[in-house]
Structure formats: structure tokens, C-alpha cells
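Coordinate-derived values only; no laboratory data. Since the model is a prediction, treat every value here as computed from it, not as a measurement. As a convention, Cβ positions derive from the backbone with ideal geometry for all residues, glycine included, and neighbour counts pool all protein chains shown.
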Amino acid sequence: MPNSSDSSDGVTTFVSASVADTAAVARRVAALLLAGDVVLLDGPLGAGKTTFAREVAVGLGVTAAVTSPTYTLVHEYEASRGLAVAHADLYRLETVAEIDDIGLEEFTGGRHVLLVEWGAAAAAAFGPERLEVVMAYGPPESPGQRTIELRAVGPGWGSRLAGVEGGR
Ligand SMILES: Nc1ncnc2c1ncn2[C@@H]1O[C@H](COP(=O)(O)OP(=O)(O)OP(=O)(O)O)[C@@H](O)[C@H]1O
Ligand SMILES: [Mg+2]
């Protein structure tokens, strides 16, 4: 399991040395997710947002191949427990207003877990409760090294995120 350090402000940070480490964090997050949840993924190009989203989807029981929605904007998958996964990528959007055009609200508040890459700029469009996953390169700078920050936004996520670390 990757190293993690918890802090009281609703941010939990993991250091990942490999895709497998990132997958382990993503699977733990998946275990906390419920219908109607929104997870925003941010970080620079190639940081691992799609990799994380794929592993969350697998953790939720998606068996189809999860591919990047960069050009298609949103992909939808059947998961287990009656859940579905909607995986969106807002990278190509130029204005927040365009989010309405994609119709992501179709995937909020129902049986979907909504995963959104490049979602930070549009965070307000997704309501007051969300989990933000912020990925970064390093430290140290090496091909497999990433930092993964999980940020609880809204009162519900603060306590739910406590379950993401081992042993409690
Ligand atoms: N520790 C790690 N965690 C996640 N991905 C890693 C890690 N180490 C190396 N990688 C590699 O980094 C790449 C991440 O690509 P990915 O498409 O997931 O990034 P992204 O943030 O979604 O990019 P984009 O901004 O283009 O959407 C993959 O090739 C993956 O194998
Ligand atoms: Mg991506």
C-alpha cells in the first residue's frame, strides 16, 4: 500500500511509485463510493487521471474496457451493485457554459458515480459535495512517481474519507 499521511482539513495525501500503487488508492476510493457521488480528477497532462478513473471503475465492478473520454467527452459503463459509472473529460471544453451542453446532470443524483477529469474549473457546477483527486508528478521526479491528494469537499465527504486509510 502506498504511504499516506492524514491531516485534519479533509485532505489525505498518498505517494504512489507505480500504476499498481495508484490502483490500490483508487480501489480504496471505489469502496467508499455510492450512487450519486461526484469525483473530480485534476492534475497535469499524463499525471494519471484516466488511470485512476479506470481503477475506480474496475473497483465498482465495471468489466468493459475503460478508455479515455478526451475526444468523446463522456463514457458510460455498467457497474455492480446496480451502479453505473459516467466518466467525463472536460479538457476540450473552453467555457463552463459548455458543460450544460454535455448534459452531465443526467449522471448526477441517480445511480451513477460521476468521474470527471479536468473538472476543477467547473467544480461549482457539480454541487457542494464532491471528492477531488489531485494528481501531480513526483516527488522525486522519476517516471513512475506521483502524489495523489484526496480532498473532501462538503460535510459528508469529510467523515467518509476517513475510511480511505487502512485499519479503520
Ligand atoms: N504512479 C503512477 N500512477 C499513475 N500513472 C502512472 C504512474 N506511473 C506511471 N504512470 C503512467 O502515466 C500515464 C498516465 O496516463 P493517464 O492517461 O492516466 O493520465 P491523464 O492524467 O489522464 O492524462 P490526460 O491529461 O491526457 O487526460 C500512463 O501511461 C501510466 O502508465
Ligand atoms: Mg486522461
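Below are the figures for this structure:
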| read-out | value |
| --- | --- |
| Any hit, the stretch 92-107, residues being farther than 16 Å from Ala35 by Cα, within 14 Å of ligand 1 (Cβ to nearest atom), of a type outside the set (Lys, Arg) and part of a loop (DSSP other than H, G, I, E, B) | yes |
| Filter pass, Pro143 being in contact (Cβ under 8 Å) with a residue 12 or more places away in the chain, loosely packed, with under 13 Cβ neighbours inside 10 Å and out of contact with any Cys (no Cβ under 6 Å at 6 or more places or on another chain) | no |
| Residues located in the stretch 64-91, provided they are among the hydrophobic types (A, V, I, L, M, F, W, C), within 16 Å of ligand 2 (Cβ to nearest atom), within 19 Å of Ala30 (Cβ to Cβ) and in a loop (DSSP other than H, G, I, E, B) | Ala65, Val66 |
| Inter-residue pairs, beta-carbon under 6 Å, first within 12 Å of Val133 (Cα to Cα) and in the stretch 46-61, second in a helix (DSSP H, G or I) and away from ligand 1 (no atom under 12 Å from the Cβ), 6+ apart | Val56/Val29; Val56/Ala30 |
| Every residue from the stretch 51-72 that is within 14 Å of ligand 1 (Cβ to nearest atom), more than 18 Å from Ala20 (Cβ to Cβ) and surrounded by 16 or more Cβ atoms within 10 Å (Cβ to Cβ) | Ser68, Pro69 |
